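The numbers here are math on the coordinates, done by the rules we state, and not lab data. All figures in this text were calculated on a predicted structure; none of them were measured in a lab. When we count neighbours, we look across all protein chains shown, and the Cβ atoms used for this are built from the backbone with ideal geometry, even at glycine.
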Amino acid sequence: MTDIHPEQPITMSAAGPAADPLPASVYPIISGRESRSLAEVREAMMAHSLDLYRHRLLTSLRTLPTARQWLFCLMVSAVTLATMAVIGFSTGLYQLTPTQPGLAWRMLTVIMIPALGEELPFRAVLTPGPGEGRRPWVEVGVAIGLYVLWHVVEALTFLPNAAPVFLRPDFLLCCAVLGLGCAVTKRVTGSVWPAVLLHWALVVVWQTWLGGVSALG
C-alpha cells in the first residue's frame, strides 16, 4: 500500500531524533562483536522500544495537520463513517432513537474516554507516522487488531453490561473500520488529533441518536 503525504505536517516543537532504527549500540550486541548476555540484549532492545514509543507519542501530540491534511482527514472520516453506517444499519447494530439527554456532558466525557483514552495507545503510540517504521502497514494491522481485541477484553472484564453489543461480529467489524480510518489519518499526518476527533464524533452520535446508550445498559 502506498503512503499518501498531502503536505508536511506542522510540528509545534522540535520532535527529537527519529527513533525508529535500532541504535548503533545495539547492532554489535546482536551481531556478536561484543560479548553480551541475552538479558543485556533484551534490555537494550526494550530501551529502544520505549524510546521509540515515547517519541511517537510526543510527536503525534505536538504535530498539527496542515489545511490540506485536514481536508484529507475529513474525506477519510466521511468514508469511514459511511462504511460503518452501511454495516450498522444493515445488521441492526444502529437504530435511530430519540435524542438521549445529557448531550453536553456526553460531549465532554467522550473526548476523554474513549476518544483520547483509546487513540493515545492504539494510534499515537502503536501506529507509525510518516516515514516511520520498516514495515509500517504491518504495525498498522497489529494496532487495529489489538484495538478490536481491547473491546472483547472490556466486555469480558469490567464492562459486562456491554458484552451483548461488544461481542457482536458487526460491532467488532465497525471497530476495525474505525481503527483503519483513524490509523490512516495518523499515518499520513503524523498527528493523533484527527483520529481523536473522528473517534469522538462517532461515539457521541452513536450514544445520542443510534441506540448506543441503551445498548450499553
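Annotation note: chymotrypsin sites (Phe, Trp or Tyr not before Pro) in the range 108-217 located in DSSP loop regions with a Cβ neighbour count of at most 13 within 10 Å are Phe158.
Between Leu38 and Thr91, full extension at 0.36 nm per residue minus the direct alpha carbon distance yields a gain of 14.0 nm. Karplus-derived 3J(HN,Hα) values for the range 63-76, using 6.51 cos²θ - 1.76 cosθ + 1.60 with θ = phi - 60°, are 8, 10, x, 6, 4, 5, 5, 4, 5, 4, 5, 5, 5, 4 Hz; glycine and proline are entered as x. In order along the range 124-131, the Karplus-derived 3J(HN,Hα) couplings, from 6.51 cos²θ - 1.76 cosθ + 1.60 at θ = phi - 60°, round to 4, 8, 8, 9, x, x, x, x Hz, and Gly and Pro are given as x. Net length available on complete extension from Leu156 to Ile113 is 13.6 nm, with 0.36 nm assigned per residue and the Cα-Cα distance removed. Label the range 43-142 by shape, choosing from rounded, prolate and oblate, from the square roots a ≥ b ≥ c of the eigenvalues of the Cα gyration tensor; if a/c is under 1.5 it is rounded, and otherwise prolate applies when a/b is larger than b/c, oblate when it is not. Verdict is prolate for the range 43-142. Fully extending the segment from Ala163 to Leu71 would add 29.5 nm, taking 0.36 nm per residue of separation and subtracting the current Cα-Cα distance.
Its residues counted as N, the range 66-215 yields a C-alpha radius of gyration over 2.2 N^0.38 Å of 1.02.
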